[in-house]
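The next block holds one structure in the form of structure tokens; read it before the comments.
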Amino acid sequence: MKLAPFELEKISALTLEHYSQRAEDFRAGTRDHDVSQNIVALLRHIEAIPPFTILDFGCGPGRDLNALTALGHHAIGLEGVAEFATMARSDSDCEVWQQDFLKLELPDEYFDGVFANASLFHIPSQELPRVLLQLHATLKPRGVLFSSNPRGANEEGWNRGRYGAYHDLETWRRYMLAVNFVELDHYYRPTGLPREQQPWLASVWRKSSNG
């Protein structure tokens with residue numbers, strides 16, 4: 001069933017409110033998460049001459065902005081939660097754009113890479129093609145998008161106060177290919193565990209030269 005505009009507004013508002021009410025706890029709980037594998041997966045596929053210009057899509061309190069900056073790159077954050085955006089600016093000294101994921105305003109062909117770590121799963125499936133097209137458009141030719149999302153059996157809805165869509169690999173692949181991304185790599189996290197203990201699906205995509 002197609003979600004009406006007012007339902008999409010509610011999804012955004014309540015999901016942002018969920019994080020807003022827990023901003024400090026979220027920062028403390030995720031500060032030491034090691035996502036260096038994901039950062040390497042993005043950077044190693046970018047063909048431009050460094051330093052790269054990277055959009056951290058859903059940057060949260062700024063942990064990965066700091067990591068990207070420490071590697072010598074120009075990182076810009078995008079975040080919907082006002083408290084996270086403030087934290088990220090303060091903690092990283094990076095530029096951070098506060099934008100609703102469903103109301104993006106992005107420059108054309110600006111970024112060498114998009115780092116979407118644990119963020120795109122919050123986008124309702126019916127809106128995902130539109131948002132992916134916007135991310136495709138903001139990448140430079142042959143730019144790279146990394147995404148990591150909690151995987152599932154393509155179920156979608158509310159989960160502990162947040163809206164999420166939990167895709168399997170084949171479904172996620174269909175969404176990405178449909179908007180002219182080419183798959184470069186995918187893997188499951190955490191590494192070294194049986195698949196049933198790997199809840200995260202990570203994937204890396206290049207903006208097609210045809211797109």
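The values are calculated or read from the model by the stated rules, or taken from the named source; none is laboratory data. Because the structure is predicted, anything quoted here is derived from the model rather than measured. When we count neighbours, we look across all protein chains shown, and the Cβ atoms used for this are built from the backbone with ideal geometry, even at glycine. The protein model used for the area step is the full one, side chains on, heavy atoms only, and it has no ligands, DNA or RNA in it. Shrake-Rupley method; radii C 1.70, N 1.55, O 1.52, S 1.80 Å.
Only residues in the range 109-123 that are under 18 Å from HIS33 (Cα atoms) count as the first member; pair them with residues that are open to solvent by 10 Å² or more (accessible area, probe 1.4 Å), Cβ under 6 angstrom, at least 6 apart or cross-chain, and list the lot.
Partner pairs satisfying both residue conditions: ASN117/VAL35; SER119/GLY58.
Could you check how many residues of the range 174-193 are in contact (Cβ under 8 Å) with a residue 24 or more places away in the chain, in contact with a strand residue (DSSP E or B) (Cβ under 8 Å, 6 or more places away or on another chain) and not in a strand (DSSP E or B)?
Residues flagged as in contact (Cβ under 8 Å) with a residue 24 or more places away in the chain, in contact with a strand residue (DSSP E or B) (Cβ under 8 Å, 6 or more places away or on another chain) and not in a strand (DSSP E or B) within the range 174-193 amount to 2.
Name the residues in the range 1-16 that are in contact (Cβ under 8 Å) with a residue 12 or more places away in the chain and more than 18 Å from the chain's Cα centre (by Cα), would you? Break it down stepwise before answering.
Filtering the range 1-16 for residues in contact (Cβ under 8 Å) with a residue 12 or more places away in the chain gives 2-3, 8, 11-12, 14-16.
Answer for the range 1-16, where residues must be in contact (Cβ under 8 Å) with a residue 12 or more places away in the chain and more than 18 Å from the chain's Cα centre (by Cα): LYS2, LEU3, LEU8, LEU14.
Being touching a residue at least 40 places away in the same chain (Cβ under 8 Å) and aliphatic (A, V, I, L, M) is the filter; apply it to the range 17-40 and report the residue that is surrounded by the fewest Cβ atoms within 10 Å (Cβ to Cβ).
If we take residues in the range 17-40 being touching a residue at least 40 places away in the same chain (Cβ under 8 Å) and aliphatic (A, V, I, L, M), then ALA23 is surrounded by the fewest Cβ atoms within 10 Å (Cβ to Cβ).
Condition (residue is farther than 28 Å from TRP172 by Cα, among the charged types (D, E, K, R), free of Cβ contacts under 8 Å to residues at least 24 places away in the same chain and out of contact with any Ser or Thr (no Cβ under 9 Å at 6 or more places or on another chain)) applied to the range 72-94: is it met by at least one residue?
No: the range 72-94 contains no residue that is farther than 28 Å from TRP172 by Cα, among the charged types (D, E, K, R), free of Cβ contacts under 8 Å to residues at least 24 places away in the same chain and out of contact with any Ser or Thr (no Cβ under 9 Å at 6 or more places or on another chain).
Checking ARG160 against (1) out of contact with any Asp or Glu (no Cβ under 8 Å at 6 or more places or on another chain); (2) among the basic types (Lys, Arg); (3) at pLDDT 95 or above, which single condition isn't satisfied?
(3)
So that you can scan it fast, the table gives a plain yes or no per residue for (1) open to solvent by less than 70 Å² (accessible area, probe 1.4 Å); (2) over 17 Å from ALA116 (Cα atoms); (3) of a type in the set (A, V, I, L, M, F, W, C); (4) at pLDDT below 95:
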residue: PRO50; (1), (2), (3), (4): no, yes, no, no
residue: LEU55; (1), (2), (3), (4): yes, no, yes, no
residue: GLY77; (1), (2), (3), (4): yes, no, no, no
residue: MET87; (1), (2), (3), (4): yes, yes, yes, no
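Hey, among the residues in the range 153-196 that are charged (D, E, K, R) and open to solvent by less than 70 Å² (accessible area, probe 1.4 Å), which one's nearest to HIS18 (Cα to Cα)? Before you say what the answer is, go through the steps one by one.
Of the residues in the range 153-196, the ones charged (D, E, K, R) are 155-156, 160, 162, 168, 170, 173-174, 183, 185, 189, 195-196.
Subset that is open to solvent by less than 70 Å² (accessible area, probe 1.4 Å): 162, 168, 173, 183, 185, 189.
Values: ARG162: 7, ASP168: 25, ARG173: 29, GLU183: 33, ASP185: 32, ARG189: 25 Å.
By that ranking, first place goes to ARG162.
Could you please let me know if ALA118 is of a type in the set (A, V, I, L, M) and open to solvent by 40 Å² or more (accessible area, probe 1.4 Å)?
Judged against the criteria, ALA118 is not a match.
Tell me which helices (runs of 4 or more DSSP H) are completely within the range 35-122 and hold 1 or more residues being among the aromatic types (Phe, Trp, Tyr), or say none if there are none.
Once the helices (runs of 4 or more DSSP H) in the range 35-122 are filtered for at least 1 residues that are among the aromatic types (Phe, Trp, Tyr), what remains is 82-92.
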